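Asker: Provided herewith is a single structure, encoded as structure tokens, for subsequent inquiry.
Readers should treat all values here as calculations from the given coordinates under stated rules, not as data from a laboratory. Given the structure is predicted, the values throughout are model-derived calculations rather than measurements. Positions of Cβ are generated from backbone atoms using ideal geometry, with glycine treated the same way; all protein chains shown enter the neighbour counts.
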Amino acid sequence: MDPLRSTKTIILNEGEPEAKRAEILDYFRKTFEIDERLYDTLRTPEAFYLRAEPLRHPLIFYFGHTATFFINKLVIAKILPRRINPRFESMFAVGVDEMSWDDLNEAHYDWPTPEQVLAYRHEVRSALEKLILTLPLKLPIHWNDPFWAIMMGIEHQRIHLETSSVIIRQLPLDQVQALPLWEICHDSGLPPVNELLPVPGGTVRLGKERTHPLYGWDNEYGRHEVEVPEFAASRFLVSNGEFREFVDAGGYGEEQWWTEEGWNWRSFKEAQFPLFWLKGADGSFCLRTMAELIPMPWNWPVEVNCLEAKAFCAWKAAGTGRPLRLPTEEEYHRFRDLAQIPDQPWWSESPGNINLERFASSCPVDRFPFGDFYDVIGNVWQWTESPIYPFDGFEIHPWYDDFSTPTFDTRHNLIMGGSWISTGNEATRDARYAFRRHFYQHAGFRYLESEAPVVVVDDAYETDTLVAQYCHFHYGPDYFGVPNFGVQVAKLCCTLMEGRPAGKALDLGCALGRASFELAGCFEQVTGLDFSTRFFRLAADMQERGHLRYALPEEGELVSYHEVRLEELGLAGVRHKVEFYQADACNLPTKFTGYDLVLAANLIDRLYSPKRFLEMISQRLNPGGFLVLASPYTWLTEFTKREEWLGGYRFGGENFTTLEGLKEVLEPRFRLVGEPREIPFVIREHKRKFQHTLSEVTVWELMG
């Protein structure tokens with residue numbers, strides 16, 4: 001077997017430092033190489049630009065994304081002092097979230113060539129190898145350690161090995177080629193008869209301690225313990241043959257088996273059978289693997305989305321008169337734990353079709369036994385009834401704050417057990433990955449019989465203390481007679497536009513978006529950008545749903561619960577004019593341009609390079625457009641290196657203020673309009689503690 005297809009994630013708490021350094025370097029190199037070897041299956045350069053999956057970017061994005069991820073995270077972690085290619089590290093930074101099955105994004109991007117991306121990847125690889133060889137290393141490696149950031153990049157790249165293979169699987173067949181490294185299983189036959197086997201109840205404990213020896217994503221940490229009642233689970237994963245009974249019975253055409261969400265999806269897609277089935281003119285079926293079309297292997301696991309899996313369970317439950325459904329996360333772990341499967345780094349060879357150690361495809365569902373059950377892990381991921389949620393004690397990792405939090409919305413269901421291409425962290429017991437129910441991975445399902453209700457954890461209130469404070473700052477009441485800050489700066493901006501065309505406005509550092517909505521009262525279109533995913537996601541939720549809920553600290557562990565609505569603020573009628581994105585103000589994608597006004601409120605003293613921001617912002621404004629800056633000038637080295645401060649220090653023995661620094665940078669291209677003014681604001685920390693701050697506001701007009 002090619003050694004690229006038998007690597008294991010790294011044990012981070014034992015061994016000698018230099019030996020561990022060599023082990024991480026080998027893991028990095030093999031990960032980087034197999035990622036590139038995956039794209040060798042593309043037959044033509046044009047294949048990089050095809051939108052095989054309309055809810056995702058073309059593959060050229062992912063070819064660059066896994067490399068730029070390393071650089072972006074290492075810059076955030078302050079391990080790398082500078083970027084390698086700012087254009088690429090902006091263009092390839094943020095992927096498309098599969099927000100809805102009918103959200104077809106046709107945006108045009110000026111993609112580079114595969115050769116340009118490959119050259120960039122080589123630069124990144126060289127930089128990372130140098131870091132791995134030179135960074136100080138001591139064991140154990142914990143999640144604030146520089147080597148954790150490197151492991152983060154490696155494990156992220158292994159996730160995309162899987163997601164990119166799903167996209168390749170949807171490309172036209174003439175755009176891909178089968179290669180020896182990706183040889184599929186050649187065994188097929190009639191499906192075995194499935195049956196339900198008893199699983200005794202017991203205690204399931206989930207959640208890692210921070211001292212766990214393996215790398216983990218933030219959602220894996222914390223504490224969760226539950227008593228699982230006894231149930232019965234299917235011996236095998238549902239095979240193509242077993243699922244065909246549902247297809248032949250007309251299940252795709254009968255609304256009664258589908259949830260409302262599922263029927264809406266099925267109707268929109270006009271689906272009649274699973275995505276990877278292809279039906280010939282004679283009525284026979286073939287199966288699309290990653291790069292081949294083969295006669296239907298009826299004894300391989302069916303690959304469907306969660307909505308299809310749930311519809312099958314409802315149909316089969318009605319036919320058998322038994323309470324059949326998908327397992328919950330805890331039920332899956334109950335029968336996995338009973339199988340006593342060693343975790344990935346500690347097995348001598350994979351016990352199932354997982355970790356790329358067996359095939360580059362699925363295989364028969366009766367190939368790999370685990371006691372009485374088959375494919376407890378591997379072959380395909382297994383959909384569950386459980387939307388992902390944070391365990392007690394969950395903390396966001398500061399270097400990747402949007403890995404899990406966007407999925408804690410009850411709309412992303414967990415998949416368990418891994419697939420044939422699940423490697424690294426994905427192939428470990430504690431892995432928790434979730435996708436929207438309409439989405440496709442290499443995922444199938446098994447069903448179980450249980451009378452126990454499915455408990456959906458729906459923590460609808462934002463409980464992160466800082467985020468909740470900002471929710472209240474943006475949308476809560478006024479305190480001590482100080483008007484809402486977002487409202488005041490937006491009023492100032494709208495006053496500036498009197499008698500002028502007010503087409504587009506850009507709200508940089510928009511946080512929860514109040515000023516963006518207020519600006520929409522006088523502008524035709526408003527774009528809100530924020531670097532923090534926690535902020536931008538909630539702003540987008542407010543735009544989409546029209547309300548936010550949050551738990552506000554009162555004292556100690558006591559909180560009060562709040563709900564704010566755009567309708568009550570008189571802003572519901574303008575939300576269609578506002579859109580929110582995640583972006584780095586110092587490295588903006590080129591599409592954000594053509595604005596009549598740019599607002600940067602309480603932003604510049606939180607940027608890592610405010611001078612760079614000010615030097616490039618003129619490129620985003622129309623001639624005669626306004627730049628409105630508001631800031632209390634709270635310069636802190638934790639946000640901005642001392643040498644990057646615009647002011648607030650002594651220069652040549654004299655005081656040098658931020659206003660003087662602004663003039664020095666901006667006056668070659670901008671004219672200061674009027675005198676600086678101050679706008680106060682109040683942030684409530686808890687019931688008896690408030691911050692009162694004065695923000696200095698300056699207005700700059702771009703000269704023609």
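Asker: Tell me which of Ala93, Tyr39, Leu139 sits at the most positive position along the dipole axis of segment 3-181, charges placed on C-beta atoms (Lys, Arg +1; Asp, Glu -1).
Answerer: Going by the charge dipole, the pick is Leu139.
Asker: Please report, in Å, the Rg and the Dmax of segment 465-702, where both are computed over Cα atoms only.
Answerer: 17.6, 54
Asker: Could you sort 166-176, 270-280, 596-606 so that the peptide with the highest average Cβ count within 10 Å comes first and the rest follow in order?
Answerer: Result, highest mean Cβ count within 10 Å first: 596-606, 166-176, 270-280.
Asker: So for Arg565, Arg575, Arg500, fewest C-beta neighbours within 10 Å to most, what's the order?
Answerer: Arg500, Arg565, Arg575
Asker: To continue, here is another question. On average, how much area does the Cα convex hull of segment 3-181 cover when viewed from any direction, in nm²? Intermediate results must be reported in sequence, preceding the final value.
Answerer: Values: hull surface 43.9 nm².
The orientation-averaged projected area of the Cα hull of segment 3-181 comes to 11.0 nm².
Asker: Moving on. Where in the chain are the DSSP H helices whose C-alpha atoms run 18 Å or more along the long axis and whose mean Kyte hydropathy is at least 1.0? Please report the intermediate quantities before stating the final value.
Answerer: Details: long enough: 17-39 (34 Å, -0.93); 59-76 (25 Å, 1.37); 114-134 (30 Å, -0.13); 146-168 (33 Å, 0.53); 306-320 (21 Å, 0.49).
Answer set is 59-76.
Asker: Given a Förster distance of 22 angstrom, what is the FRET efficiency for Leu135 paired with Gln582, based on the Cβ-Cβ distance and rounded to 0.05?
Answerer: 0.20
Asker: Treating only the Cβ atoms of Lys and Arg (+1) and Asp and Glu (-1) as charged, compute the dipole magnitude of the chain about its Cα centre; round to the nearest 20 debye. Show your work: numbers first, answer last.
Answerer: Numbers: 72 positive and 102 negative charges, 287 e Å.
In total the dipole reaches around 1380 debye.
Asker: Oh, and also: Any idea how far apart Glu46 and His142 come out in nm if each label point goes 7 Å out from Cα toward Cβ?
Answerer: Placing both labels 7 Å beyond Cα along the Cβ direction yields 5.5 nm.
Asker: Also, quick follow-up: Looking only at Cβ-Cβ distances, which cysteines of the chain have no other cysteine closer than 4.7 Å?
Answerer: For the chain, the answer is Cys286, Cys306, Cys313, Cys471, Cys493, Cys510, Cys586, because their Cβ atoms have no other cysteine Cβ under 4.7 Å.
Asker: Based solely on its DSSP helices, what 222 nm [θ] is calculated for the chain when runs of n ≥ 4 H residues each add -39,500 (n - 2.57) and the sum is averaged over all residues, nearest 500 deg cm²/dmol?
Answerer: Values: 15 runs with 193 residues, N = 704.
It lands at -8500 deg cm²/dmol.
Asker: Let's test the formula: R0 of 30 Å, r as the Cβ-Cβ distance of Glu14 and Leu173. What FRET efficiency results, to the nearest 0.05?
Answerer: 0.05
Asker: What list of ³J(HN,Hα) couplings, whole Hz, do you get for segment 555-567 from phi and the Karplus terms 6.51, -1.76, 1.60, once you set θ to phi - 60° and write x for glycine and proline?
Answerer: Rounded to whole hertz, the list is 7, x, 8, 7, 9, 10, 9, 9, 9, 10, 10, 4, 4.
Asker: Which order do the peptides 642-655, 20-33, 202-215, 423-436 come out in when sorted by mean C-beta neighbours inside 10 angstrom, highest first? Working shown, then result.
Answerer: On the way: 642-655: 12.1, 20-33: 17.6, 202-215: 15.6, 423-436: 23.1.
Peptide ranking by packing, descending: 423-436, 20-33, 202-215, 642-655.
Asker: Of Gln344, Leu356, Cys313, whose Cα points farthest to the positive end of the dipole of segment 289-407 (charges on the beta-carbon: +1 Lys, Arg; -1 Asp, Glu; origin at the Cα centre)?
Answerer: With unit charges placed on the Cβ atoms, the residue in question is Cys313.
Asker: Let me ask you something else. Two decimals is fine: what's Rg over Rh for segment 566-704, C-alpha atoms, Kirkwood radius as Rh?
Answerer: Values: Rg = 16.7 Å, Rh = 16.8 Å.
Computed over Cα atoms, the ratio is 1.00.
Asker: List the GluC sites (Glu not before Pro) within segment 103-185 that DSSP assigns to loop and that have no more than 16 neighbouring Cβ atoms inside 10 Å. If you can, show how the numbers build up before the last one.
Answerer: Numbers: sites: Glu106, Glu115, Glu123, Glu129, Glu155, Glu162, Glu183; in loops: Glu106, Glu183.
Answer in residue order: Glu106, Glu183.
Asker: So for the pair Leu558, Glu183, with labels modelled 7 Å out along Cα→Cβ, what separation do we get in nm?
Answerer: Placing both labels 7 Å along Cα→Cβ, they lie 6.9 nm apart.
Asker: Where a ≥ b ≥ c are the square roots of the eigenvalues of the C-alpha gyration tensor, would you call segment 523-571 rounded, which needs a/c under 1.5, or, failing that, prolate if a/b is larger than b/c, or oblate? Please report the intermediate quantities before stating the final value.
Answerer: Values: a/c = 3.12, a/b = 1.63, b/c = 1.92.
It comes out oblate by the Cα gyration axes.
Asker: Something else now. Give me the lysines in straight-line cross-link reach of Lys78: C-alpha distance below 17 Å, same-chain residues under 8 apart excluded.
Answerer: Straight-distance partners of Lys78: Lys130, Lys641.
Asker: Mind ordering 6-17, 133-144 by average Cβ neighbours within 10 Å, highest first? Walk me through the numbers before you get to the answer.
Answerer: Values: 6-17: 16.3, 133-144: 13.8.
Highest to lowest by the protection proxy: 6-17, 133-144.
Asker: Further, regarding this structure: What are the residues whose amide H is under 5 Å from the amide H of Phe690, where those residues sit 5 or more places off or on another chain and H is modelled from the backbone?
Answerer: Glu685
Asker: Using amide H atoms built in the peptide plane, which far-off residues or other-chain residues are under 5 Å from Lys208 H to H?
Answerer: Here Tyr221, Gly222 satisfy the definition.
Asker: Using the Cα centre as the reference, give the magnitude of the dipole from point charges on the C-beta atoms of segment 465-702 (Lys, Arg: +1; Asp, Glu: -1; all else neutral), rounded to the nearest 20 debye. Show your work: numbers first, answer last.
Answerer: On the way: 27 positive and 31 negative charges, 55 e Å.
Once rounded to the nearest 20, the dipole reads 260 debye.
Asker: Okay, next question. Tell me which of Ser164, Pro17, Ile154 sits at the most positive position along the dipole axis of segment 3-181, charges placed on C-beta atoms (Lys, Arg +1; Asp, Glu -1).
Answerer: Working it through, the farthest residue towards the positive pole turns out to be Pro17.
Asker: Need one number: nm distance between label points at Glu395 and Glu225, each 7 Å from Cα along Cα→Cβ, rounded to one decimal.
Answerer: Each label point is offset 7 Å from its Cα along the Cβ direction, giving 2.1 nm.
Asker: Taking amide H positions as placed 1.01 Å from N in the peptide plane, with prolines and chain starts having none, which residues 5 or more places from Val598, or on another chain, fall under 5 Å of its amide H?
Answerer: Leu506, Phe626, Leu627, Val628
Asker: Let me ask something additional. For Arg37 and Glu675, what is the calculated FRET efficiency with R₀ set at 60 Å and r taken between the beta-carbons, to the nearest 0.05? Please report the intermediate quantities before stating the final value.
Answerer: On the way: r = 62 Å, r/R0 = 1.03.
Efficiency at R0 = 60 Å is approximately 0.45.
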